[in-house]
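Following: one structure in C-alpha cells, then a few remarks.
The values are calculated or read from the model by the stated rules, or taken from the named source; none is laboratory data. Please read these numbers as outputs of a predicted model, since none were measured by experiment. Because the Cβ atoms are built from the backbone with ideal geometry, glycine has one as well, and the counts that use them run over all protein chains shown. These accessible areas exclude ligands, DNA and RNA; they are computed on the full protein's heavy atoms, side chains included. Shrake-Rupley method; radii C 1.70, N 1.55, O 1.52, S 1.80 Å.
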Amino acid sequence: MNKEKLAIHKRKVETISEMVRSAYDNAKPGEYFSLKKASVSHMAPQPDNPKYSDKPIDVRSLTDIIEIDPDTRTCIAEAGVTFVSLARETLKYGLVPQCVSELKGITIGGAVAGCSVESMSFKYGGFFDSCEEIEIVTGTGDIMVCSKSDNPEIFEMLHGSFGTIAIITLLKFKLVPAKKCVRIDYIRYDTFSEYLDAIKQHYEKQDIEMMDGLIFSENKNVLCIASFVDEEEAPYKNKYFLDIYYKSAMKRKQDFLSTTDYFFRYDADCHWSIRNFAGGIFENKLVRWLVGPFILGSTNVLKASERFPFLTKKGGEPDVIVDVFIPIKNAEEFFNWYLELFDYFPVWIVPYRLQKEKLEGYKFYPWLNQEMVSPIEDELFIDFAIYGFEQKRKGFNYYKALEEKVYELRGMKTLITHNYYEEDLFWKVYNKELYDKVKERTDPKNLFRELYEKTNYKKKIEKTNYKKKTKRLKVGIPRSLYFHKYFPLWEGMLTSLG
Ligand SMILES: Cc1cc2nc3c(=O)[nH]c(=O)nc-3n(C[C@H](O)[C@H](O)[C@H](O)COP(=O)(O)OP(=O)(O)OC[C@H]3O[C@@H](n4cnc5c(N)ncnc54)[C@H](O)[C@@H]3O)c2cc1C
C-alpha cells in the first residue's frame, strides 16, 4: 500500500467531511448540495434541472489511483478517477477492471452511484459488482467504510443512489487479466429470436470473454464477440476516430484493436449521439479530420450539447437517451413492442448478469422492489441502450411509455436521463423501505435530495409550471429558443454539478 498516497487521500476526505459537516450544521430547510466534480457529467443534458442551483461540495481533488495490487488483483482508487485513466494504468499490470464503462470520462464513483455496463457485463454485471469496499462521507460529515460485511445495507444501496445517500470517496475493486489487443468478430443474425438464442448460449457456456451487440434494423442484428489477444496475434490495429465505429460494425466481419481502443470504441461519437449534433455534419470524414479533436469524444460532445442545446434539439420534448434492463425471458416481447412504437436504430445491446444473491434476504439488487423481481429466476438481463430517439408524436411521452412497459416486464429503466414516473410506480420498481432506512442513517437532513425527487424533478416542474407552459406554447415560439431557461446551466457546466 502506498502510504504517502493514502495519507494525502485522508487529508482530502477530511476536507470534504468538514464541508459536509458545516452544511449539516448550517443548512436551512430546502437547501440542497451537489457534487462539484473534476470531469463532465454523463447524465443526459437537463437544462431545467434544479440541481444546477444547489450549493456545491467540491470533490475535484478525488482523482488519484492509490494502489494496483497484481497479486490480489485489486485496485484502490478515488471516486473521481475516470475509466480511461484507470484502464491505462491497470493495463500496465496486464489487468483491467471487470467493467470498463465505454465513455472515457465516466468516473468510478459515478458508475457506482449511477449505472455502468460493458461487454464483460454478461459475466460480472456492472462496475458496482466488482467493488469490495467503498468509503463514503455521509450527509452528517461522517467518514465510513462499507462492504459486504461492514454496513452491508448502505454498501448495496450506494449503487444507483444518484448521490442521494452519501458522497463516495474511495473504492476498492477487483481486476481481471487482460492482454494488449482485442479481436472482435461480428456475427449477423436475421431475426432477434436467433440473436437472443446466440446470446443465451454464450452466456450459458461462458465460452467467450466479451460480448455486446448492435441492432440496425429488425433483420440486422450484429453480435460483437471479443477476446483478448497478444500483440503478435493481431495482424493490424484499427482505431476509430475518423472512421465511425457503429457504422463499421455493420459492415465488417472482424476487427483488431488495442485493448484501450476496444474499451473506448464508442467514445469518439459518444455511441452515435454526434449524428444528432448540428444536423449530423460531424459524421463527415473531412469535417472529422478538420475539427475532430475539438468536437469528437464523449466529453466534448456532452459539454457541447449541454452548453448549446439549441444545436442538438429542434425544440419539443427531450430526445430519449436511456438504458433499460429486461429479464431475458421478456426481452423478445420488449423488442417487438419497441419495434412498433420506436422503430429507432441502432440500439446497443449489452447482456448483463444480475446476481441473485447479493445480500441475504434479498433477491438481485436489494434496491429493487422485491415484489417486482420475485417471479424472475434467470440472472441474465438484456440492456437495450436507446441513444437519441426524437420524440415525434406530439403529446405522447415516450419516456413514460418506456417506464410503464419496462415495469410490466419486470425490468428497470436507468435514471440517467429524464424520468416521468408517478411516485407510486417509481416505488414499485425501487425498494422504498430499504432506501428510507439507509437514507435516515446517512442523510437525515436530506442535504443530497431524495431519490424520487432528484431523478423525477420534471414531475414537479410539470405540476407547478403547467399553466405557464401552455400559455407560452400558444405564441408559437420554439421552446429551444427560450434561452433564459438554459442560463442556470452555465454555472452547472463550469462545475459539473451532479
Ligand atoms: C449518452 C450516454 C451514454 C452512456 N454510455 C455509457 C456506456 O457506454 N457505458 C456505461 O457504463 N455507462 C454509460 N452511460 C451511463 C453513465 O455511466 C452513467 O450515467 C454514470 O452514472 C455517469 O457517471 P459520471 O462519472 O459521469 O457521473 P455523473 O454523471 O457526474 O453523476 C451521475 C450520478 O452519480 C452521482 N455521483 C457521481 N459521483 C459521485 C460520487 N463520488 N459520490 C456520490 N454520488 C456521485 C451524481 O450525483 C449523479 O446523480 C451513458 C450515459 C449517457 C447519457
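Can you tell me which residue within the range 269-278, out of those that are among the hydrophobic types (A, V, I, L, M, F, W, C) and part of a loop (DSSP other than H, G, I, E, B), is modelled with the lowest pLDDT? I'd like the intermediate steps shown before the answer.
Applying the first criterion (among the hydrophobic types (A, V, I, L, M, F, W, C)) to the range 269-278 yields 270, 272, 274, 277-278.
Then drop every residue that is not part of a loop (DSSP other than H, G, I, E, B), which leaves 270, 272, 277.
Values: Cys270: 93, Trp272: 93, Phe277: 82.
This residue is Phe277.
Of all residues in the range 409-464, those that are at pLDDT 95 or above, β-branched (Val, Ile, Thr) and more than 16 Å from the ligand (Cβ to nearest atom) total 1. Of everything in the range 354-373 that is over 29 Å from Phe342 (Cα atoms) and among the polar types (S, T, N, Q), the residue that is farthest from the ligand (Cβ to nearest atom) is Gln370. Taking the range 221-272 on its own, how many of its residues are closer than 16 Å to Ser101 by Cβ and of a type in the set (Val, Ile, Thr)? Counting residues in the range 221-272 that are closer than 16 Å to Ser101 by Cβ and of a type in the set (Val, Ile, Thr) gives 2. The single condition from (1) more than 10 Å from the ligand (Cβ to nearest atom); (2) open to solvent by less than 10 Å² (accessible area, probe 1.4 Å); (3) more than 18 Å from Ile416 (Cα to Cα) that Phe128 fails is (3). Might you check whether a residue that is outside any helix (DSSP H, G or I) and among the aromatic types (Phe, Trp, Tyr) occurs anywhere in the range 279-300? No, because not a single residue in the range 279-300 is outside any helix (DSSP H, G or I) and among the aromatic types (Phe, Trp, Tyr). Take Asn397 and tell me if it is more than 14 Å from Asn431 (Cβ to Cβ), away from the ligand (no atom under 16 Å from the Cβ) and touching a Phe, Trp or Tyr at 6+ places or on another chain (Cβ under 8 Å). The answer is yes for Asn397.
Against the condition near the ligand (Cβ under 9 Å from one of its atoms), more than 16 Å from the chain's Cα centre (by Cα) and surrounded by 22 or more Cβ atoms within 10 Å (Cβ to Cβ), how does Val112 come out, does it pass? No.
Return the residues of the range 94-108 that are near the ligand (Cβ under 6 Å from one of its atoms) and open to solvent by 10 Å² or more (accessible area, probe 1.4 Å); say none if nothing qualifies.
To start, the set of residues in the range 94-108 that are near the ligand (Cβ under 6 Å from one of its atoms) comprises 101-103, 106-107.
Once the filter is applied, which keeps residues that are near the ligand (Cβ under 6 Å from one of its atoms) and open to solvent by 10 Å² or more (accessible area, probe 1.4 Å), the range 94-108 yields Leu103, Ile106.
Do we find a residue being open to solvent by 20 Å² or more (accessible area, probe 1.4 Å), assigned to a helix (DSSP H, G or I) and of a type in the set (A, V, I, L, M, F, W, C) anywhere in the range 7-15? Scanning the range 7-15, I find at least one residue that is open to solvent by 20 Å² or more (accessible area, probe 1.4 Å), assigned to a helix (DSSP H, G or I) and of a type in the set (A, V, I, L, M, F, W, C), so the answer is yes. Scan the range 410-425 for residues that are of a type outside the set (Gly, Ala, Ser), under 19 Å from Pro351 (Cα atoms) and touching a Pro at 6+ places or on another chain (Cβ under 7 Å) and jot them down. Arg410, the sole residue that qualifies.
Scan the range 68-75 and tell me whether some residue there is buried (at least 22 other Cβ atoms within 10 Å of the Cβ) and either closer than 16 Å to Phe128 by Cβ or more than 7 Å from the ligand (Cβ to nearest atom) (or both). For the range 68-75, residues buried (at least 22 other Cβ atoms within 10 Å of the Cβ) and either closer than 16 Å to Phe128 by Cβ or more than 7 Å from the ligand (Cβ to nearest atom) (or both): present.
There is at least one residue in the range 291-299 that is at positive phi, touching a residue at least 40 places away in the same chain (Cβ under 8 Å) and surrounded by 20 or more Cβ atoms within 10 Å (Cβ to Cβ).
From the set of residues in the range 35-54 that are more than 21 Å from Ala111 (Cβ to Cβ) and touching a Lys or Arg at 6+ places or on another chain (Cβ under 7 Å), which is least open to solvent (accessible area, probe 1.4 Å)? Give the derivation first.
So the first thing to find is which residues in the range 35-54 are more than 21 Å from Ala111 (Cβ to Cβ), and the list is 47-48, 50, 52-54.
Still in the list and also touching a Lys or Arg at 6+ places or on another chain (Cβ under 7 Å): 47-48.
On the way: Pro47: 27, Asp48: 56 Å².
The selected residue is Pro47.
Would you say Arg11 is more than 15 Å from the ligand (Cβ to nearest atom), of a type in the set (Lys, Arg), at pLDDT 95 or above and closer than 21 Å to Thr140 by Cα? The answer is yes for Arg11.
Could you check Arg353 against (1) farther than 30 Å from Lys92 by Cα; (2) touching a residue at least 60 places away in the same chain (Cβ under 8 Å); (3) in contact with a Ser or Thr (Cβ under 7 Å, 6 or more places away or on another chain) and say which number it fails? For Arg353, the failing item is (1). Highlighted here are the strands (runs of 3 or more DSSP E) found entirely within the range 159-252 that include at least 1 residues which are more than 16 Å from the ligand (Cβ to nearest atom) and open to solvent by 70 Å² or more (accessible area, probe 1.4 Å): 166-177, 181-189, 220-229.
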